[in-house]
Amino acid sequence: MEGDCLSCMKYLMFLFNFFIFLGGACLLGVGIWVIVDPTGFREIVAANPLLFTGAYIMLAMGAMLFLLGFLGCCGAIRENKCLLLFFFMFILLIFLAELSAAILAFIFRENLTREFFTKELKKHYLRNNDTDVFSSTWNSVMITFACCGVNGPEDFEADPHLLYSSLEKATPEACCQRELQSREGMFVNKHACLTGVERFQNRQGCYTVILNSFETYVYLAGALAIGVLAIELFAMIFAMCLFRGIQ
């Protein structure tokens, strides 16, 4: 009976890790394709810091899941105690890192307020200076989400960091309406936008736009996070049980 239970656990663990292995291979493949694709997609990603960072995060996650799935599959099917122990330690580190991130996010949730982002924007934003990471990221966010500042164009009024002529208001180019919401998109009317014509500006603040965009996914993301933590917990239990059961 004990042998049957061990055998069942072994094949369940192999199946579980095989899906992790496939998922990691897919993410790894997509990440590599996005970064090295010669047909032009690479230029679009490179022009957008958010997409560029996302591609490398996808690559790292894919590599990690690929390795994790491989270790779990090999350790289960070959009944290798060394691989199972390494798999357990790897999962444990990921589990603790995710748990720490969740705790830190809960502790510092006060910093994610509208006032905090407004203060940081006014302090560090350098308008069209794309060599500055902070400014470049904000420009990408404003262009992608068709929004302006944290609360709206008024965030940029009377800001000493923003240099503009007497003919132009403080509205940065990233707040101007475009035919296509990307850095390559043509301005609807750039001059009118910069001289304060409101109908050519994105008037809504990014805080509200992004909050509304992700509001429907908050509960789904929470459920997925709990699901992932539960799966990792069961994976550790299975790995330890199999480790202890191998003679």
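How big is the accessible area of T118 in square angstrom, nearest 10, if you roll a 1.4 angstrom probe over the protein chains?
Rounded to the nearest 10, that gives 20 Å².
For F116, F90, write out the residues from largest to smallest accessible area, computed with a 1.4 angstrom probe and no ligands counted.
Details: F116 75, F90 40 Å².
Sorted descending by solvent-accessible area, the residues read F116, F90.
Rounded to the nearest 10 Å², what accessible area does H124 show when all protein chains are kept and the probe is 1.4 Å?
Accessible area of H124: about 70 Å².
With each label point set 7 Å from Cα along the Cα-Cβ vector, what nm distance links N80 and F116?
4.4
Which order do C241, C206 take by accessible area at a 1.4 Å probe, largest first?
C241, C206
Largest first, how would W33, W138 line up by accessible area (1.4 Å probe)?
The ordering from most to least exposed comes out as W33, W138.
Using a 1.4 Å probe over the heavy atoms of the protein chains, calculate the carbon and sulfur portion of the accessible area of segment 172-245 as a whole percent.
Percent of accessible area from carbon and sulfur atoms in segment 172-245: 66.
The values are calculated or read from the model by the stated rules, or taken from the named source; none is laboratory data. Worth saying up front: this structure is predicted, and the values here are computed from it rather than measured. Neighbour counts run over all protein chains shown; Cβ positions are idealised from the backbone, glycine included. What goes into the accessible areas is simple: the full protein's heavy atoms, side chains included, and nothing from ligands, DNA or RNA. Shrake-Rupley method; radii C 1.70, N 1.55, O 1.52, S 1.80 Å.
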